[in-house]
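Just below is one structure, and these are the notes that go with it.
The values are calculated or read from the model by the stated rules, or taken from the named source; none is laboratory data. Remember, predicted model here, so these are calculated numbers, not experimental data. Here Cβ is always computed from backbone atoms with ideal geometry, including for glycine, and neighbour counts include all displayed protein chains. Surface areas here come from the heavy atoms of the whole protein model, side chains and all, with no ligands, DNA or RNA. Shrake-Rupley method; radii C 1.70, N 1.55, O 1.52, S 1.80 Å.
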Amino acid sequence: EYGEENLVSYDELFQEMMNWTNWRADSTVVRSFLSNNGAAADFLQDHWDQTDNPGFGKLAPMDKNGMDTGKGVAKYTVLYDQFIIPQGGRLMLETTGEQLIVEDGAVKGVIASRKDGSKVTVHADNVILATGGYAGNKEMVEEYLHTDSYYLYGLSTNTGDGLRMALE
């Protein structure tokens, strides 16, 4: 538990995030992120609490500011292994999504390619687009952040492919 002294209001956090980006961030996206992030984190933590992985919980390794410093792979592997795969989910590693399949305005699948170049088409009632950012894509950084001077906070391999699919 982090204690009451570390709590800030929604408006304070919004102001801090916008100030950190020199008000270059899209305020509607920041508000959406703040409005939905807590529920998403709670959803994940509820599942981690059913495993032996602390997730974001108080047993997770933290720095002095309360930021989780644990490696993420084990956190998400346990969720795949205990919740997604047993319910029929399929994890396809070394497979790159290329295009979302949209039918009647709803995403109903994805077209992808495997590492060996073979194509994969997956039809599904539900699609979770869990993608990295775009900090490794200079063109997207310029387009969305309106600058070419950006500190890479993430992986250079985050080239925005998943976001591009969603935007298309």
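Remarks
- Residue count for the range 123-148 satisfying the condition of being part of a helix (DSSP H, G or I) and among the hydrophobic types (A, V, I, L, M, F, W, C): 3.
- If the condition is being out of contact with any helix residue (DSSP H, G or I) (no Cβ under 8 Å at 6 or more places or on another chain), modelled with pLDDT of 80 or more and among the small types (Gly, Ala, Ser), then the range 129-155 contributes only 136.
The rows are residues; the columns are (1) under 25 Å from residue 40 (Cα atoms); (2) open to solvent by less than 90 Å² (accessible area, probe 1.4 Å).
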{"site": "87", "(1), (2)": "yes, no"}
{"site": "105", "(1), (2)": "yes, yes"}
{"site": "109", "(1), (2)": "yes, yes"}
{"site": "120", "(1), (2)": "no, yes"}
{"site": "124", "(1), (2)": "yes, yes"}
{"site": "129", "(1), (2)": "yes, yes"}
{"site": "135", "(1), (2)": "yes, yes"}
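- Taking each residue of the range 28-48 that is modelled with pLDDT of 90 or more and open to solvent by 90 Å² or more (accessible area, probe 1.4 Å) and looking for partners that are assigned to a helix (DSSP H, G or I) and not aliphatic (A, V, I, L, M) with beta-carbon atoms closer than 7 Å, six or more apart or interchain, yields 31/14.
- Scan the range 109-168 for residues that are acidic (Asp, Glu) and without any contact (Cβ under 8 Å) to a residue 12 or more places away in the chain and the total you get is 5.
- With respect to (1) open to solvent by 90 Å² or more (accessible area, probe 1.4 Å); (2) at pLDDT below 95, the lone exception for residue 116 is condition (2).
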